[in-house]
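Visitor: The structure follows.
Nothing in this text is a laboratory measurement; each read-out follows from the coordinates by a stated rule. Small disclaimer: the values here were computed from a predicted structure and weren't measured. As a convention, Cβ positions derive from the backbone with ideal geometry for all residues, glycine included, and neighbour counts pool all protein chains shown.
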Amino acid sequence: MIHVEHLFHSYARNNEYQVDDVSFDVAEGEVFGFLGPSGAGKSTTQKILTGLLPLQKGNASINGVDITRSTRELFNQIGVSFEQPNLYKKLTGLENLAFYRGLYEVPTEDPRTLLRLMGLEDAANKRASDYSKGMQMRLVLARSLVNRPKIWFLDEPTSGLDPVTAASIKELIKRKKAEGTTIFLTTHNMHTADELCDRVAFLNAGRVAALDTPRNLKLQYGERLVRVEYRNEGDQVETETLSLTTDAGRRRLFALTESGRVETIHSQEATLETVFITVTGRGLN
């Protein structure tokens, strides 16, 4: 559904690239995570794909449509939810959705249905300026679904939201994936990406440092560890973290389990965040 080949972008239009030779493909119905810290080039790439920035160098297409053509055919197929709420603040929630509904040439969702979906039905006639940040973010998400998009672009959809609102948005993303929507998710939240994404690309300083499924990345770059709690001969609880990739670690685990003194054993799976640090040599701040 999305094809990107040797994409470059420089805001200064020189050899200092914020997006530096980026290539990837996103399959139909896939949740594709574009992960990295602020300034890595995530939002810039999304803005190029959605027509908010011109394509300077490289090739990109969405559902077979070259993005340089920027046709209504393309825009009728995509939905975009931005990190910062960009609403008509003097209009009500219902009026915001009704306005955007009129911009499309394809069947659209009923605004009240979308407001109900986002838990905003009771605030339908309230001005967007009177919405809380969480409510505004949900309204932006609702707006991005007005045209029943085949490809849904999400930029930090849970950033700065309370846990309840963030959880409801993640459930919505899972629901849209189940319906066959292709989702392009840009975020620096590795936990969210691990929960939602089929594949992820690590972006660092404008370049793709790694691209695979979360599981494969954790297996490739993470060490297999177990954390064992046991009682020593003095009946005190001790803890050891053992590697399952070394003979010494496996022998020690066997000896502890044979002793009958083990109380708990927990696998210590690598996280996407630790993998990102391993691959790029930097954190997410």
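Visitor: Looking at Thr45, Tyr88, Ser168, which one has the Cα that reaches farthest to the positive end of the dipole of the chain (charges on Cβ: Lys, Arg +1; Asp, Glu -1)?
Guide: Tyr88
Visitor: What list of ³J(HN,Hα) values in whole Hz, one per residue of the range 9-15 in order, does the Karplus curve 6.51 cos²θ - 1.76 cosθ + 1.60 (θ = phi - 60°) give from phi, with Gly and Pro shown as x?
Guide: Computed from phi, the couplings for the range 9-15 are 8, 10, 5, 8, 6, 10, 8 Hz.
Visitor: Let me ask something else. What are the principal axis extents of the Cα atoms in the range 129-236, in Å, biggest first?
Guide: Principal extents (largest minus smallest coordinate, Cα): 66, 34, 31 Å.
Visitor: Separate question: Once both labels are modelled 7 Å past Cα along the beta-carbon direction, what's the Asp25-Ala255 spacing in nm?
Guide: In this crude spin-label approximation the distance works out to 5.1 nm.
Visitor: Test of understanding: what is the full-extension gain from Val106 to Lys170, defined as 0.36 nm times their sequence separation minus their Cα-Cα distance?
Guide: Here the segment from Val106 to Lys170 would lengthen by 20.4 nm.
Visitor: In square nanometres, what is the average projected area of the Cα convex hull of the range 51-190?
Guide: Values: hull surface 35.8 nm².
Dividing the Cα hull surface by four gives the mean projection, 8.9 nm².
Visitor: Let me ask something additional. If the only charges are +1 at each Lys and Arg Cβ and -1 at each Asp and Glu Cβ, what is the size of the charge dipole of the chain around the Cα centre, to the nearest 20 debye?
Guide: Charge dipole, the chain, about its Cα centre: 880 debye, nearest 20.
Visitor: Write out the GluC sites (Glu not before Pro) in the range 40-113 meeting two conditions: DSSP loop, and at most 16 other Cβ atoms within 10 Å of their Cβ. Intermediate values should be presented prior to the final figure.
Guide: Numbers: sites: Glu73, Glu83, Glu95, Glu105, Glu109; in loops: Glu83, Glu105, Glu109.
Answer in residue order: Glu105, Glu109.
Visitor: Once R0 is set to 45 Å, what does the formula 1/(1 + (r/R0)^6) return for the Cβ-Cβ distance between Gln84 and Thr241, expressed as a FRET efficiency to the nearest 0.05?
Guide: Plugging the Cβ-Cβ distance into 1/(1 + (r/R0)^6) gives 0.60.
Visitor: Can you give the longest run of the chain that contains no trypsin sites (Lys or Arg not before Pro) sitting in a DSSP loop with at most 11 other Cβ atoms inside 10 Å? List each step's numbers first, then the result.
Guide: Details: sites that count: Arg13, Lys90.
The longest uninterrupted stretch comes out as 91-285.
Visitor: Can I ask one more? Need one number: nm distance between label points at Val65 and Glu233, each 7 Å from Cα along Cα→Cβ, rounded to one decimal.
Guide: 7.5 nm
Visitor: Among Leu55, Pro111, Val22, whose Cα lies farthest out toward the positive end of the dipole of the range 19-142, if unit charges sit on the beta carbon of Lys, Arg (+1) and Asp, Glu (-1)?
Guide: Positive-end residue among those listed: Pro111.
Visitor: Ok, one more. How far, in nm, would the chain grow between Glu121 and Asn14 when pulled straight, counting 0.36 nm per residue and subtracting the alpha carbon separation? All intermediate terms of the calculation are to be shown ahead of the outcome.
Guide: Numbers: separation 107, 0.36 × 107 = 38.52 nm, distance 4.84 nm.
Additional length available on full extension: 33.7 nm.
Visitor: Ok, one more. Which percent, nearest 5, of DSSP beta bridges in the range 75-218 are antiparallel?
Guide: Approximately 40 percent, going by the DSSP bridge assignments.
Visitor: Related question: Find how much the distance from Ser267 to Asp130 grows on full extension, using 0.36 nm per residue of separation minus their present alpha carbon separation; answer in nm with one decimal.
Guide: Length gained, Ser267 through Asp130: 44.6 nm.
Visitor: Using modelled amide H (1.01 Å from N, peptide plane; none on Pro or chain starts), what sits under 5 Å from the amide H of Ala209, excluding residues fewer than 5 places away?
Guide: Correct list: Phe202, Leu203, Asn204.
Visitor: Can you pull out the GluC sites (Glu not before Pro) in the range 169-215 that DSSP calls coil and that have at most 10 other Cβ atoms within 10 Å?
Guide: Glu179
Visitor: Shifting gears a bit: So, with +1 on the Cβ of K and R and -1 on the Cβ of D and E, and no other charges, what is the size of the charge dipole of the range 173-285 about its Cα centre, to the nearest 20 debye?
Guide: It works out to roughly 600 debye.
Visitor: Could you work out [θ]222 nm for the chain from helices alone, using -39500 (n - 2.57) per DSSP H run of at least four and dividing by all its residues? Round to the nearest 500 deg cm²/dmol.
Guide: Computed ellipticity for the chain at 222 nm equals -9500 deg cm²/dmol.
Visitor: Hey, of (1) 32; (2) 19; (3) 28, which did the structure itself give for percent of Cα pairs over 34 Å apart when calculated?
Guide: (1)
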